[in-house]
Amino acid sequence: MHDLYAAIFLVVFAGFLIWFFKYLGKSGRWKIPKGGLTKKDRLIMASKVRFYKDLPDEEKKLFEFKTAEFLANVKITGIGVKVTRSDELLIAASAVIPIFRFPEWQYLNLSEVLLYEKSFNDSFQTGDDMHDHDISGMVGDGYMNGKMILSKHDLHWGFKNEWDGSNVGIHEFIHLIDKADGSVDGIPKLFLEHQYIVPWVELIHQNIGQIMQGRSDINPYGATDKTEFFAVVSEYFFENPKKFKANHPDLYELMEKIFRVKE
Ligand SMILES: [Zn+2]
């Protein structure tokens, strides 16, 4: 009789294990995209995304895979605005650029991007009759956890003007990367080797000081706190690396290590 109980227990336990690993498989990783990008998609990317255009052919393929993977796993919803293929590709490109040297990276803390036509206020309202709608992107918290909001107008503007070193799409994905280690503090612990954390924090304080004294060309919004500093300098780093390197060699050198730009 004991053998029977043992056998029943084993069958039930095995069933539980199968269910558990299937569940883990589903929740722990992104699904593999069914198809890649079309020729038209690649043309849109090449015309709008300099980072992609400048990659050698082999690496372009990886960028395309990461883009397709992102779009197969993250829903993009227009709020009062139609979502075009260009919108989708630019959102995915914003996500892929900072993690491009981390091919295993998946934004498991993001399920949906809400696209607004223009900037909005902190109650997520938008409209020409309002004066306080100056937010162009945000990463949700609380009941908005797992969601990102982007202004379509500002998303496109960020990729159009590469010389200004600002790009709201990249900015918001940097916040998500920052958030992935459990704390939004401007220190990307999953990206930054331990010995670089102290030098990184020192550079942040030094540069925020320079911004506040008006002696820096970094967007003054970066002086808000360490979190915003990390997002703002990352926009500059990816949008205009040459200028950034010339004006901020120390920051550039450390950020190369953070984003593994130089292997
Ligand atoms: Zn921000």
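FYI, it's all coordinate maths here, none of it is from the lab. Everything numeric in this text was worked out from a predicted model, so none of it was measured. Cβ atoms come from the backbone with ideal geometry, glycine included; neighbour counts cover every protein chain shown.
With springs only between Cα atoms under 10 Å apart, run a GNM on the chain and tell me which of Leu89, Leu55, Leu114 wobbles the most. Comparing Leu89, Leu55, Leu114 in a Gaussian network model of the chain, the most mobile one is Leu55.
Here Glu162, Glu228 are placed in order of increasing Cβ neighbour count within 10 Å, fewest first, which gives Glu162, Glu228.
Shown here are the Rg and Dmax of the Cα trace of the chain, at 21.2, 83 Å. A simple spin-label model places pseudo-atoms 7 Å from Cα toward Cβ; at Asp181 and Leu108 they are separated by 1.7 nm.
The angle between the Cα long axis of helix 249-258 and the longest principal axis of the Cα atoms of the chain comes to about 10 degrees, rounded to the nearest 10.
With 30 Å as the limit on Cα-Cα distance, the pairs of Lys34/Lys82; Lys118/Lys189; Lys31/Lys243; Lys53/Lys245; Lys82/Lys242 that go past it are Lys118/Lys189; Lys31/Lys243; Lys82/Lys242.
Paramagnetic label reach from Glu256 (point 7 Å along Cα→Cβ; backbone nitrogen cut-off under 20 Å): within the stretch 163-201, residues 188, 191-201.
Computed over all pairs of different Cα atoms, the Kirkwood value for the hydrodynamic radius of the stretch 29-162 is 15.6 Å.
Summed over qualifying helices (DSSP H, 4 residues or more, each -39500 (n - 2.57)) and divided by its residue number, the chain shows a 222 nm mean residue ellipticity of -17000 deg cm²/dmol. Summing Cβ point charges (Lys, Arg +1; Asp, Glu -1) relative to the Cα centre of the stretch 141-257 gives a dipole of roughly 180 debye. Extension gain, Tyr143 to Leu43: 0.36 nm times the residue separation minus the Cα-Cα distance gives 32.3 nm. Positive-end ranking of Tyr5, Asn73, Ala246 along the dipole of the chain, with charges on Cβ about the Cα centre, is headed by Tyr5.
Within the listed set Val113, Val184, Val198, the residue fluctuating most in the Gaussian network model of the chain (springs between alpha-carbon atoms under 10 angstrom) is Val198. Sorted fewest first by neighbouring Cβ atoms within 10 angstrom, Ile211, Ile32, Ile174, Ile97 come out as Ile32, Ile211, Ile97, Ile174.
Remark: Tyr143, Tyr252 ranked as Tyr143, Tyr252, counting other beta-carbon atoms within 10 Å and listing the fewest first. Using Cβ point charges alone (K and R +1, D and E -1), the dipole size of the stretch 29-162 about the Cα centre works out to roughly 780 debye.
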